[in-house]
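Report on one structure; see the data block that follows.
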Amino acid sequence: MADPGATLPERLAGIVGGPHVLTAPADVEPYLADWRGRYRGTARAVVLPASTEEVAAVVRLCVAEGAPMVPQGGNTGLCGGATPDTQGREVVVGLRRMSRVRAIDADNATITVEAGVPLAAVQEAAAEAGLHFPLSLASEGSCTIGGNLSTNAGGTAVLRYGNTRELTLGLEAVLADGSVLSALRGLRKDNTGYDLKQLFIGAEGTLGIITAAVMKLFPAPRTRVTALVALASVGDAIALLARLKAALSDRLVGFELMSAFSLALSRKHQPELMPDYPWYALVQADESAEGAPLAPVVEAALAAAIEAGAAADASIAQSADQAQRLWALRENISEAQRREGPNIKHDISLPVSAIATFMRECEGELASAFPKARLVVFGHLGDGNLHYNLSAPEGVEASSFMDSGERANRIVHDAVARHGGSFSAEHGVGQLKRADLVRYKSPVEVALMRAIKAALDPRGLMNPGKVL
């Protein structure tokens with residue numbers, strides 16, 4: 001029996017073991033700030049459970065003590081969703097010790113993994129079984145599958161495979177009363193009432209703590225073609241996307257748009273690339289069938305686009321190493337931005353058909369409001385998701401430019417709303433975009449979200465201050 005006079009950290013240690021409850025400042029420091037360094041909080045303790053049973057016991061104890069909980073995976077989020085507040089009351093529940101691949105069912109093409117498994121490890125486990133897990137993002141070496149689920153992560157293969165939501169078949173989660181929702185079913189058809197797992201995907205830990213999931217696997221690609229295409233305009237990029245969809249169908253996996261300036265941030269050490277053009281598209285096509293020709297189809301489609309004036313130039317990777325270097329250019333843009341200094345960032349989505357008009361209108365409004373500010377535009381054009389960021393004008397202190405963030409956000413997000421888009425495509429809401437959620441969601445949607453939150457977490461202890 002626990003000592004009734006014991007502190008909360010001491011009682012947590014009785015559940016997970018003393019070494020797995022952190023209270024010393026140096027030990028808890030890595031858990032208190034978000035990846036961008038925008039948010040920093042304090043915590044009553046950091047607890048590191050190693051099983052679903054331990055998570056459930058931790059939740060029950062925290063509920064009994066009235067201690068709010070902040071679930072955290074790889075801590076790579078971009079909206080402050082996994083960062084505690086500054087009051088020092090919250091307990092950070094770190095899930096990285098829950099790192100087991102529980103099962104791979106090759107015949108059913110599924111993998112069951114715990115929340116703390118790094119995304120790259122899920123990919124590797126699938127590959128070892130001769131299969132493919134397609135979720136891929138720049139932070140895949142450090143982000144965890146639980147965080148991917150909690151934010152409904154997107155990445156570079158959404159065009160073919162969908163977001164994390166579309167890749168999830170079953171889920172296990174600890175609820176706000178410490179009970180366990182056990183729905184780890186690898187079924188592609190299960191029409192038995194409400195699909196409860198969908199409540200937790202994208203909820204950022206505000207309804208419960210995801211502990212494991214059953215994810216879809218796919219045949220491993222046997223052939224992969226990667227190309228960098230130079231473009232004169234965003235309209236040409238959209239026309240090229242339509243051409244490649246027609247030529248390649250579902251073999252088109254990724255279509256990434258990059259402005260010349262965003263690529264320049266990443267290509268400082270890649271001078272051998274084609275000369276500067278206003279825009280670039282990074283294209284990837286995969287083929288899983290053995291012996292099926294893919295490269296000739298891609299080459300022919302790109303040649304036809306160039307001949308029709310829809311593309312200016314194209315370079316197809318001739319080796320896996322070249323392809324990897326092209327992808328590194330795209331994936332390193334975010335880190336290159338961070339090295340350059342703070343940016344006003346937007347993670348938006350629009351109907352693909354509206355993107356060119358949106359960008360033309362929004363660029364004009366931003367130019368009037370922020371003369372000579374530099375746009376850093378890149379993202380997943382194939383699924384309508386853009387990272388539409390503003391960098392300070394040359395010679396202007398980046399930190400002072402960041403004071404204009406609220407005004408820039410309003411210009412961008414109002415334009416997004418006019419064109420039927422979303423102010424958060426794949427990064428989530430977290431702390432950063434709570435006001436935007438109330439502003440741009442309809443009153444009915446917000447009321448329903450609040451009702452669900454109140455029903456599943458009536459005491460408001462699950463990741464408070466996030467999303468709502």
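The values are calculated or read from the model by the stated rules, or taken from the named source; none is laboratory data. Model, not experiment: these values are computed from the prediction. Cβ placement follows ideal geometry from the backbone for every residue including glycine, while neighbour counts extend to all protein chains displayed.
For segment 348-369, state whether one or more residues are in a strand (DSSP E or B) and either within 23 Å of the chain's Cα centre (by Cα) or under 30 Å from Glu166 (Cβ atoms) (or both).
Initially, segment 348-369 is screened for residues in a strand (DSSP E or B), giving 348-349.
So of that shortlist, the ones also either within 23 Å of the chain's Cα centre (by Cα) or under 30 Å from Glu166 (Cβ atoms) (or both) come out as 348-349.
Taking every residue of segment 348-369 in turn, at least one turns out to be in a strand (DSSP E or B) and either within 23 Å of the chain's Cα centre (by Cα) or under 30 Å from Glu166 (Cβ atoms) (or both).
Would you please list the contacts, defined by Cβ atoms under 7 Å and residues six or more apart or on different chains, that run from a residue in segment 407-429 that is on the phi > 0 side of the Ramachandran plot to a residue that is assigned to a helix (DSSP H, G or I)?
Filtered contacts from segment 407-429: Gly420/Ala354; Gly428/Thr151.
Residue pairs, Cβ under 9 Å, 6 or more apart or interchain, first in segment 110-139 and on the phi > 0 side of the Ramachandran plot, second surrounded by fewer than 21 Cβ atoms within 10 Å (Cβ to Cβ) and hydrophobic (A, V, I, L, M, F, W, C). List them.
Going by the 9 Å Cβ cut-off, the qualifying pairs are Gly130/Ala106; Gly130/Ala220.
Mind listing whichever residues of segment 337-368 are at pLDDT 95 or above, within 14 Å of Gly405 (Cα to Cα) and surrounded by fewer than 22 Cβ atoms within 10 Å (Cβ to Cβ)?
Leu366
On the basis of being more than 23 Å from Asn385 (Cβ to Cβ), crowded, with 23+ Cβ neighbours inside 10 Å and at pLDDT 95 or above, does Gly186 make the cut?
Details: more than 23 Å from Asn385 (Cβ to Cβ): yes; crowded, with 23+ Cβ neighbours inside 10 Å: no; at pLDDT 95 or above: yes.
Against the criterion (more than 23 Å from Asn385 (Cβ to Cβ), crowded, with 23+ Cβ neighbours inside 10 Å and at pLDDT 95 or above), Gly186 does not qualify.
Determine if segment 444-464 includes at least one residue that is out of contact with any Pro (no Cβ under 8 Å at 6 or more places or on another chain), in the same structural domain as Leu375 (by TED's automatic domain parsing) and in a helix (DSSP H, G or I).
The answer is no; no qualifying residue exists.
Of all residues in segment 380-431 being among the polar types (S, T, N, Q) and part of a helix (DSSP H, G or I), which is farthest from the chain's Cα centre (by Cα)?
So in segment 380-431, the residues among the polar types (S, T, N, Q) come out as 385, 389, 391, 399-400, 404, 409, 422, 424, 431.
Filter once more, so that each one left must be part of a helix (DSSP H, G or I): 399-400, 404, 409.
Details: Ser399: 26, Ser400: 28, Ser404: 25, Asn409: 20 Å.
For segment 380-431, the residue satisfying everything is Ser400.
Would you confirm whether or not segment 25-35 contains a residue that is in contact with a Ser or Thr (Cβ under 6 Å, 6 or more places away or on another chain), in contact (Cβ under 8 Å) with a residue 40 or more places away in the chain and outside the structural domain of Glu172 (by TED's automatic domain parsing)? Lay out the reasoning, then the answer.
Filtering segment 25-35 for residues in contact with a Ser or Thr (Cβ under 6 Å, 6 or more places away or on another chain) gives 34-35.
Next, from what is left, pick out any that are in contact (Cβ under 8 Å) with a residue 40 or more places away in the chain: 34-35.
Next, only the ones that are outside the structural domain of Glu172 (by TED's automatic domain parsing) stay: 34-35.
Yes, the conditions are met somewhere in segment 25-35.
For segment 92-120, name all the residues that are within 30 Å of Pro464 (Cβ to Cβ) and either over 22 Å from the mean Cα position of the chain (by Cα) or of a type in the set (A, V, I, L, M, F, W, C) (or both).
Selection gives Val92, Val93, Leu95, Met98, Val113, Ala115, Val117, Leu119.
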